[in-house]
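Report on the structure given below.
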Amino acid sequence: MEMVHHAPVLNPAKKPLCSVCIANFNGIDTLAECIDSLLKQDCDFAIEIIVHDDASTDDSVSYIQQHYPDVELLISQENSGFCVSNNRMVEIARGEFILLLNNDAALFPDALRSLHEYAKQQSINGILGLPQYDMQNGELIDRGFLHDPFLNPLPNLDDNRQQVAQVIGACLWIPKTLWKELGGFPEWFHTLAEDMFICCYARLKGYPVAVLTHSGFKHWVGKSLGGGKACANQLRTTIYRRALSERNKTFVMILCYPAILAWLLIPLHLILLTVEGLLLGIIKRKTQLWKEIYWNCLKEIWLKRKFLWRNRRHIQRDRQISSTTFFKVHTLIPHKVRMLMKYGIPEVNGK
């Protein structure tokens, strides 16, 4: 695969404090707002902007080359997914800190300064996030996420809570040294739940995962993969997104859950997942839902069982906190029950 490098935003002799990494696939409609928000940052330190184009079929590459010649552009000739894209960018990043930023997200002007100031105050540098706001209406979406017993993310709206289970990968700040220690994103995830994995792994190793109470970023939620939020009081998603989400979320449970509850919650999760898939397929009269989402998840777990077990042993050897501490940012009520009661059965569209 040929990789093409273009001129960096800074003089190579000047080391940036923060490297902003933007994974792009067919994002020409949102790239300008994303990159412009970086160029308007109110901070007194140097940054570099790296974009990885993941074999876009629109004019993203030529658009960046023409309008943002100082951005360092990596061009992939084949679509490799969100995990690989970010791993490649962080590998060449020169900053002490990394900010992963979606191509459909835009930072508030004080975002980078606020993140750095908070990081300077930490006794142990961990993963940081910002309040997330809806790009369309400006409403607060979350201040990071809590997790339910089965790793379904529950939006945190409490402005007094900073320690969370997960921050979204659309805007994730992490020291490069910690990224390397954690091994980056697992490339076999391809896309989705990679942010969940790295946050869970970091917490297991004793690193904080926190969200700032101020500043923020705007985001077109679900624009890149379809679905992911409620529209017109109906929860909508796609088969592709749901399949990746259920599979990768289960991978994270297997890899990261401390043993004291893993042996109880993981089998229960798989049973509930099977029941959910059968019921959804019957109610929607679509056997495709069962086959492509739920059966695919169970099959992948079985096929990767030895690989998952080896990785679990490695990750659990690194655990520095108790099971009680790990589950402090979890809720007892399954989030799917909350969503079912609020929105009813989700609408799952084709790929």
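The values are calculated or read from the model by the stated rules, or taken from the named source; none is laboratory data. All figures in this text were calculated on a predicted structure; none of them were measured in a lab. Here the Cβ positions follow ideal geometry from the backbone for every residue, glycine too, while neighbour counts run over all protein chains shown.
Among residues of region 142-160 being buried (at least 18 other Cβ atoms within 10 Å of the Cβ) and of a type in the set (A, V, I, L, M), the one that is nearest to Ala119 (Cα to Cα) is Leu146.
When both residues are 6+ apart or on different chains and their Cβ atoms are under 7 Å apart, which pairs have a first residue that lies in region 68-94 and is over 10 Å from Cys21 (Cα atoms) and in contact (Cβ under 8 Å) with a residue 60 or more places away in the chain, and a second that is among the aromatic types (Phe, Trp, Tyr) and crowded, with 16+ Cβ neighbours inside 10 Å? Cβ pairs passing all conditions: Cys83/Phe185; Cys83/Phe189. Residues being acidic (Asp, Glu), modelled with pLDDT of 95 or more and either more than 19 Å from Glu194 (Cα to Cα) or assigned by TED's automatic domain parsing to the domain that holds Arg236 (or both) are represented in region 298-306 by at least one member.
Number of residues in region 286-312 that are outside any loop (DSSP other than H, G, I, E, B) and more than 18 Å from Asn248 (Cα to Cα) equals 2.
Let's see how each residue does on (1) of a type outside the set (Lys, Arg); (2) touching a Phe, Trp or Tyr at 6+ places or on another chain (Cβ under 8 Å):
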position	(1), (2)
Arg94	no, no
Ala111	yes, yes
Gln121	yes, no
Gln132	yes, yes
Leu151	yes, no
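Within this structure, His335 passes the test of being in contact with a strand residue (DSSP E or B) (Cβ under 9 Å, 6 or more places away or on another chain), under 16 Å from Leu273 (Cβ atoms) and surrounded by 13 or more Cβ atoms within 10 Å (Cβ to Cβ). The residues on offer are Gly169, Gly183, and the sole one that is among the small types (Gly, Ala, Ser) and touching a residue at least 60 places away in the same chain (Cβ under 8 Å) is Gly169.
Residues that are in the same structural domain as Asn24 (by TED's automatic domain parsing), surrounded by 24 or more Cβ atoms within 10 Å (Cβ to Cβ) and β-branched (Val, Ile, Thr) do occur in region 61-84, at least one of them.
Examine region 279-297 for a residue that is in contact (Cβ under 8 Å) with a residue 60 or more places away in the chain, β-branched (Val, Ile, Thr) and crowded, with 17+ Cβ neighbours inside 10 Å, and state whether such a residue exists. Checking region 279-297: not a single residue is in contact (Cβ under 8 Å) with a residue 60 or more places away in the chain, β-branched (Val, Ile, Thr) and crowded, with 17+ Cβ neighbours inside 10 Å.
Within region 242-258, the set of residues being among the charged types (D, E, K, R) and closer than 22 Å to Met341 by Cβ comprises Arg242, Glu246, Lys249.
Just to check your reading of the model, which residue among Ala262, Ala230 is in contact with a Phe, Trp or Tyr (Cβ under 9 Å, 6 or more places away or on another chain), at negative phi and either at pLDDT below 95 or not hydrophobic (A, V, I, L, M, F, W, C) (or both)? The unique qualifying residue is Ala230.
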